[in-house]
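*Asks:* First the structure, then my questions, so here it is.
Quick note: the coordinates plus some simple rules give every number you see, no bench work behind them. From a predicted model like this one, the values you see are computed outputs, not experimental measurements. Cβ: placed from backbone, ideal geometry, glycine included. Neighbour counts: every protein chain shown.
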Amino acid sequence: MTKPTSRRPMTEREMERIAEHFDTDREFLVSKAYGDGGVDGLLPRLLRAAGNQLGDGDATVSRYAIWANTVRDNIRVAEQEMSEGNLERARSLMRRAANSLSAFSELQARFDPMTRPRRRELPKQEHRETNPES
């Protein structure tokens with residue numbers, strides 16, 4: 001059963017225009033679609049979105065968008081930290097962002113009916129740093 005919506009469906013051309021708008025390496029472009037972001041809450045926001053997806057909740061898309069803004073902001077702040085010479089803080093933010101994207105990919109593989117039969121165990125971690133969000 002499809003959930004009713006008051007919005008008209010997005011066209012393929014609209015989708016392409018949005019992607020093309022953000023396809024640049026000259027500067028960070030910040031979407032105004034959702035106001036949340038910041039550097040804190042990467043894992044909790046991802047888990048709220050995935051939990052909403054698991055329960056077929058209405059807020060799944062917005063929760064993933066807010067999590068994506070948080071990933072983006074970790075990268076933006078990392079660049080700022082690099083320019084200020086705070087390389088270890090920058091590396092930490094970049095790793096958190098990249099690892100959050102990896103977690104997203106793993107989660108989606110569990111939701112995806114095309115990959116479910118090939119589910120695999122997560123690799124063992126040789127070294128685990130303390131999570132600054134804890």
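*Asks:* Please report Ile75, Ile18, Ile66 as a ranked list, fewest other C-beta atoms within 10 angstrom at the top and most at the bottom.
*Replies:* By the 10 Å Cβ count, ascending, the order reads Ile18, Ile75, Ile66.
*Asks:* Sticking with this structure for a sec: In whole Å, what three semi-axes, largest first, describe the equivalent ellipsoid of region 32-113 built from its Cα gyration tensor (square root of 5 times each eigenvalue)?
*Replies:* Details: eigenvalues 136, 39, 12 Å².
Equivalent ellipsoid of region 32-113: 26, 14, 8 Å, largest first.
*Asks:* Modelling each spin label as a point 7 Å along the Cα-to-Cβ direction, I'd like the Ser92/His21 distance in nm, to one decimal.
*Replies:* If labels sit at Ser92 and His21, their model points lie 3.5 nm apart.
*Asks:* Same structure, new question: Determine ³J(HN,Hα), in whole Hz, for all residues of region 71-80 in sequence, where each value follows from phi through the Karplus function 6.51 cos²θ - 1.76 cosθ + 1.60 and θ = phi - 60°; x replaces Gly and Pro.
*Replies:* 4, 4, 5, 4, 5, 4, 5, 4, 4, 4
*Asks:* Residue-wise, which Karplus ³J(HN,Hα) couplings in Hz belong to region 51-65, taking 6.51 cos²θ - 1.76 cosθ + 1.60, θ = phi - 60°, and x for glycine or proline?
*Replies:* x, 5, 5, 4, x, 6, x, 6, 8, 4, 5, 5, 5, 5, 5
*Asks:* Something else about it: Test of understanding: what is the full-extension gain from Leu101 to Ser62, defined as 0.36 nm times their sequence separation minus their Cα-Cα distance?
*Replies:* Result for the pair: 12.4 nm of gain on full extension.
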